[in-house]
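Asker: Submitted below is the structure of interest, expressed as structure tokens.
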Amino acid sequence: MAINLASHVEAAALIIQSGFSSMASIVQHELPFVPIRLLLKNKFESDITIGRVNMPVLVIHSTEYDRFHPFPHGQRLYDLAPFPKQLLRIRGRYPQDLTSAAVNPNFFSEITTFLNAHTAFHLHQPLPSIAPVIAATIDSNGIEASVAQYRSLRTGNPNGFNFREAELSRLGAELLRQKKTNEAITVLKLNAEQYPQSFSVFDSLGDAYVAAGNTAEAMRNYQQSVTLFPDNQNSSRVKLDELQRKSASALP
Amino acid sequence: MWKWTRRTLWSLGLVVIVAYIGLCVWVRVNETRLIFIRNRPYIPPSPSLALNQQRVEFADAEGTKFFAWVVLNSSEDTSKLWVLFFHGSEENVSIHSNDYDDFRSMGFSIMAPEYPGYLDSPGVPGESILEREGQAAYDYLRRIKQVPPRNIVFLAIPLEARWQLI
């Protein structure tokens, strides 16, 4: 949609994150013997419209395997885009990984550099996330040292890093994916201490306790999340119900 | 013997043809559901972000109404720069609060249109109506917010599709 819009209006730049060349090409990969081009109503033929774009184009695509966003699609969009253009290769298997500083620490600074180079903007470079700093310390000196480092930087250099809630949440998620469950729990507990009003922090901590097999703590944290955000759409509610049902059925 | 073999082959061929036609019908019937995955819940922005998003309504040339989240940059000198942020088809406008905050910290204001059929936006999504919505959002920035084209950046997280049969 945005590529099509960019093909017939004027703007400063187009950034495409995890794009594909056309809907038919994605579906054809899954259903090779079906005449997809004839059947599809929604064709989204970005490989045709990208050539008509008349502005700088930044294509951002993960090189790690993703069945529904294979890297060759990003490469093809980049190849077909007119100059000036740039291809930014990033990591990540899931959509939420892409902008996570724990996975791609330079994601937004690369965007800033691209826009400053190809437009008349003079954008601020975003503050570096605290997440890669903490992750490096976990690897080199252990989790206790990283917690001490976080506290020290948070009080001693509060404007030197981005200490936003999402930074430790995403780092916790990344540690969970790496099966570093104890480190994830410590990081997420630290985040809950910093942001005690955030329902999503307690939801993430509940997930970490589930991974650790600690049902009681998981339920306690999901309950806290539901208390902070009682809406039915809070996924903690579903997880809490599920754990309660399992606990009840496990009783003699 | 040959008669039985021929009959079996004909039966098998018929089954394959019926299955193939069934698959084509399935694709046609389920296309919208498979491309536009609308089951992600609303996730309110963390209070610590102080996003202060506004909900703005706008319409296309045919009068179809849409809504978008608008996050304003607090810095006056850079508030004229805008990102027109189009989320992916398996997401909704509330999923990207942290990304809006990142763009805000770079100096942008953000307009993030919500698609028909997502959250409480009425209608059914499709390529045609999404293109009209994109144009209408752009026109909103140009005419209502008086943003010159050179100050608008498009960010596209293209549509996804979950086509696996199993």
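Since every read-out is calculated from the coordinates, none of them should be taken as a lab result. Being a predicted model, the structure only gives us computed values, none of them experimental. Note that we place each Cβ from the backbone using ideal geometry, even for glycine, and neighbour counts take in every protein chain shown.
Asker: Please compute the Kirkwood hydrodynamic radius of the protein assembly as shown from all pairs of different C-alpha atoms, in Å with one decimal.
Answerer: Computed over Cα pairs of the protein assembly as shown, the Kirkwood hydrodynamic radius comes out at 23.4 Å.
Asker: Separate question: Got the relative contact order for the stretch B:47-156 handy, in percent, Cα pairs under 8 Å and 6 or more residues apart? Mind dumping the intermediate values first?
Answerer: Working: 173 pairs, mean separation 34.9, N = 110.
About 32 percent, as a whole number.
Asker: Out of every Cα pair in the stretch B:28-166, what percent are spaced more than 17 Å from each other?
Answerer: 59 percent
Asker: Would you mind ranking A:47, B:120 so that the residue whose beta carbon has the fewest other beta carbons within 10 Å leads the list?
Answerer: Going from least to most buried by this count: B:120, A:47.
Asker: Please average, across the residues of B:28-34, the number of beta carbons from any other chain that are within 10 Å of each residue's own beta carbon, and give a whole number.
Answerer: On the way: counts 4, 0, 0, 7, 2, 0, 3.
The mean count of partner-chain Cβ atoms within 10 Å per residue comes to 2.
Asker: Would you kindly derive the ³J(HN,Hα) couplings of the stretch B:57-67 from the backbone phi angles with the Karplus curve 6.51 cos²θ - 1.76 cosθ + 1.60 (θ = phi - 60°), listing them in order in whole Hz, with x for Gly and Pro?
Answerer: Going residue by residue, I get 10, 8, 9, 8, 5, 8, x, 5, 8, 10, 9 Hz, with x marking Gly and Pro.
Asker: Mind checking A:9-21 for the average number of partner chain beta-carbons within 10 Å of each residue's beta-carbon?
Answerer: Details: counts 8, 6, 13, 10, 6, 5, 7, 5, 7, 5, 4, 4, 1.
Mean number of neighbouring Cβ atoms from other chains: 6.
Asker: List the residue ranges in chain B for DSSP H helices whose C-alpha atoms run 15 angstrom or more along the long axis and whose Kyte-Doolittle average is 0.0 or above. If you can, show how the numbers build up before the last one.
Answerer: Details: long enough: B:2-35 (47 Å, 0.72); B:127-139 (18 Å, -0.97).
Helices passing the filter in chain B: B:2-35.
Asker: Which of the GluC sites (Glu not before Pro) across the stretch A:1-73 are loop residues per DSSP, with 13 or fewer other Cβ within 10 Å? Before the final figure, lay out each step's value.
Answerer: Details: sites: A:10, A:30, A:45, A:64; in loops: A:10, A:45, A:64.
Filter output for the stretch A:1-73: A:10.
Asker: So, one more: Write down the percent of antiparallel bridges among all DSSP beta bridges whose residues are both part of the protein assembly as shown, to the nearest 5.
Answerer: In the protein assembly as shown, approximately 30 percent of DSSP beta bridges are antiparallel ones.
Asker: Please give the average number of partner chain Cβ atoms lying within 10 Å of the Cβ of each residue in B:117-128, rounded to a whole number.
Answerer: So the per-residue partner count for this stretch is 1.
Asker: Relative contact order for the stretch A:131-250: what is it in percent, counting Cα pairs under 8 Å that are at least 6 residues apart?
Answerer: 17 percent
Asker: Of all DSSP beta bridges in the stretch B:47-156, what percent run antiparallel (nearest 5)?
Answerer: Bridges in the stretch B:47-156 that DSSP calls antiparallel: roughly 60 percent.
Asker: Please find, in a Gaussian network model of chain A (springs between Cα atoms separated by less than 10 Å), the residue of A:87, A:123, A:176 whose mean-square fluctuation is greatest.
Answerer: Result: A:123 has the largest fluctuation of those listed.
Asker: Peptides B:63-70, A:198-205, A:156-163, A:96-103: what's the order by average Cβ count within 10 Å, highest mean first?
Answerer: Descending mean neighbour count gives A:198-205, A:96-103, B:63-70, A:156-163.
Asker: Find out how many positive minus negative residues lie around residue A:55, taking Lys and Arg as positive, Asp and Glu as negative, among other residues whose Cβ is under 12 Å from that of residue A:55. Walk me through the numbers before you get to the answer.
Answerer: Details: positive: A:52, A:85, B:150; negative: A:10.
Result for the neighbourhood of residue A:55: +2.
Asker: May I pose another question? Taking only DSSP H segments of four or more residues, each worth -39500 (n - 2.57), what value at 222 nm results for the protein assembly as shown once the sum is divided by all its residues, to the nearest 500 deg cm²/dmol?
Answerer: Calculated from helices alone, the mean residue ellipticity at 222 nm is -15000 deg cm²/dmol.
Asker: Amide H to amide H, which residues 5 or more places from residue B:94 or on other chains are under 5 Å from it, using H placed in the peptide plane?
Answerer: For residue B:94, whose amide H was placed from the backbone, the distant partners under 5 Å are B:43.
Asker: Please give, to one decimal in nm, the separation of the simple spin-label points placed at residue B:7 and residue A:136, each 7 Å out from Cα toward the Cβ.
Answerer: 7.7 nm
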